[in-house]
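First the structure, in the form of structure tokens, and then the observations on it.
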Amino acid sequence: MSVTLLGIESSCDDTSAAVLRNEYLLSNVISGQKVHRSYGGVVPELASRAHQQHIIPVVDQAFGQAGVTRDQIDAVAFTQGPGLLGSLMVGTSFAKAFALAQNTPLIGVNHLQAHILAHFIKDPADREHDAPEFPFLCLLVSGGHTQLTVVRNYLEMEIIGETIDDAAGEAFDKCGKIMDLPYPAGPIIDKNARLGNPHAFEFTRPQIPELHYSFSGLKTAFLYFLRDQVKADQDFIQKNFQDLCASLQHTIIDILMDKLIRASQQTGIRDIAIAGGVSANSGLKQAVRTAAQQYNWKVHIPKFTYTMDNAAMIAMAGYYKYLNGEFAGMDAVPQARFKY
Ligand code: KG4
Ligand code: ZN
């Protein structure tokens, strides 16, 4: 059976459309929004307006690149949540209108499950694709979420740990903002951390029970530390920028790895995956590879394009829901807090 799906992603500040045939990706078009850079974070109202401007050209391009017409689409999958309500609304409305006009089934997808399922996307050009085997553990680290999940099957997942306050990506972005960096600061900190000393400055690790995380204390500690240092020397940040980036990144990675290692020991699962925007971080990828040697893990690190928000992963999740017969009705509504 051949199934061709259109995927739509609009949960935050990236508008994306993808065409997938079974597990094979035919196209994946992502349009980012530069408008948020100077605000230090995503401005919801500006994001939804930009989605409205981008959605039709992005879908058009996805069809063009895939060499597929809209009549060949068997189902349309869209991000139903979690995310920014106004942003989700644009993708949801587009998907519903498409389904109605083309008389195709509609599939509502959980954005977080989709980040994890990105590991199963097959790229026709990539012969070395090595998908994780069930059950596997996934550390999902993005701008809005930090979760440890046991993945038993494509749509059977259990969250065994999560952040009680900020997400790991938020820690990067908020600490970056304190250093006057534009949004998103994560990639800039990553780049500069490579040139700095990770042990130049020490920040305390949170003491959080079980497999949960917390990052808000680190952000506050970073803020107070810099406030005191800048009082004594106005140029402290500029003079120590690379060491600050390296030390901050090292602390965030240490916190993430500590619980990931514990989760693997507690569950006995040694197939380990990372997913989400922060999984693009070079230090985190290296830490996971180092732990793999020490603990005999088999690790799965997504391709860079699939770490950020993209519609290929939404179409991938939609494919498994299609096979399961899990369709949404025309009464489906976006959900800012969408549990799985
Ligand atoms: O998954 P994603 O694209 O969007 C959400 O669903 O949140 O993740 C975006 C987050 C931002 O916080 C961004 O700073 C972070 O991922 N990020 C990084 C890197 N690339 C993106 N953080 C650290 N190092 C990176 N290389
Ligand atoms: Zn995301």
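The values are calculated or read from the model by the stated rules, or taken from the named source; none is laboratory data. Please read these numbers as outputs of a predicted model, since none were measured by experiment. Cβ: placed from backbone, ideal geometry, glycine included. Neighbour counts: every protein chain shown. What goes into the accessible areas is simple: the full protein's heavy atoms, side chains included, and nothing from ligands, DNA or RNA. Shrake-Rupley method; radii C 1.70, N 1.55, O 1.52, S 1.80 Å.
Pairs of Cα atoms nearer than 8 Å and 6+ residues apart set the relative contact order; for the chain it is 25 percent.
Hey, what angle do you get for helix 311-324 against the long axis of the chain, alpha-carbon based, 0 to 90 degrees rounded to 10? It works out to around 50 degrees.
How do the peptides 69-76, 271-278, 143-150 rank, highest first, by the average count of neighbouring beta carbon atoms within 10 Å per residue? Before the final figure, lay out each step's value.
Values: 69-76: 16.1, 271-278: 25.0, 143-150: 22.9.
Order by mean packing, descending: 271-278, 143-150, 69-76.
Ligands, DNA and RNA left out, the accessible area of the chain computed with a 1.4 Å probe is 49% carbon and sulfur.
To the nearest ten degrees, helix 44-66 and the longest principal axis of the Cα atoms of the chain are 50 degrees apart. If you plug the beta carbon distance of E326 and K303 into 1/(1 + (r/R0)^6) with R0 = 30 Å, you get a FRET efficiency near 0.70.
S282 to Q72: extension gain in nm, 0.36 nm per residue of separation minus the Cα-Cα distance? Working shown, then result.
Values: separation 210, 0.36 × 210 = 75.60 nm, distance 3.93 nm.
Taking S282 through Q72 to full extension adds about 71.7 nm, to one decimal.
May I ask which of K122/K321; K239/K259; K177/K231; K34/K303; K174/K239; K174/K285 have a Cα-Cα span longer than 26 Å here? Don't skip to the answer; put the middle values down first.
Values: K122/K321 17 Å; K239/K259 33 Å; K177/K231 18 Å; K34/K303 23 Å; K174/K239 20 Å; K174/K285 21 Å.
Distance filter (> 26 Å) returns K239/K259.
The spread of Cα positions in segment 136-304, taken along each principal axis and listed from longest to shortest, comes to 53, 28, 26 Å.
For the residues L25, L195, L106, a GNM of the chain with alpha-carbon springs under 10 Å puts the largest fluctuation on L195. For the pair segment 299-328 / segment 177-214, the C-alpha centres are spaced 28 Å from each other. Approximating the spin labels as points 7 Å out from Cα along Cα→Cβ, the R227-to-K34 distance works out to 3.5 nm. The long axis of helix 85-102 is offset from the longest Cα principal axis of the chain by roughly 20 degrees. In this calculation the C-beta distance from Q293 to K339 is compared with R0 = 41 Å, giving a FRET efficiency of 0.70. The distance between label points at Q102 and D60 comes to 1.6 nm (points 7 Å beyond Cα on the Cα→Cβ vector).
Given Cβ point charges of +1 (Lys, Arg) and -1 (Asp, Glu) and nothing else, what value in debye, to the nearest 20, does the dipole of the chain about its Cα centre take? Please report the intermediate quantities before stating the final value.
Numbers: 28 positive and 34 negative charges, 45 e Å.
Dipole about the Cα centre, nearest 20: 220 debye.
Accessible surface for E162 stands near 70 Å², nearest 10, in the context of the full protein assembly shown (1.4 Å probe). Distance between the 7 Å Cα→Cβ label points at E156 and I261: 3.1 nm. Share of Cα-Cα pairs in the chain beyond 27 Å, in percent? Counting pairs separated by more than 27 Å, the tail of P(r) holds 45 percent.
To the nearest 0.05, how large is the calculated FRET efficiency for F134 and E45 if R₀ is 30 Å and r is the Cβ-Cβ distance? For R0 = 30 Å, the calculated efficiency reads 0.15. Ranked by the mean number of other Cβ atoms within 10 Å of their residues, highest first, the peptides 201-211, 95-105 fall in the order 95-105, 201-211. Note on the chain: antiparallel DSSP beta bridges, both residues inside, total approximately 60 percent of the bridges counted. Structural descriptor for segment 1-120: relative contact order 29 percent, calculated from alpha carbon pairs under 8 angstrom and at least 6 residues apart. Between the C-alpha center of segment 1-66 and that of segment 132-157 there is a gap of 23 Å.
State in Å² the accessible area per residue of the chain; use a 1.4 Å probe, count heavy atoms of protein chains only, and round to the nearest integer. The partial results should precede the final answer.
Details: 15200 Å² over 340 residues.
Per-residue value: 45 Å².
Of all DSSP beta bridges confined to segment 136-304, the antiparallel ones make up roughly 60%.
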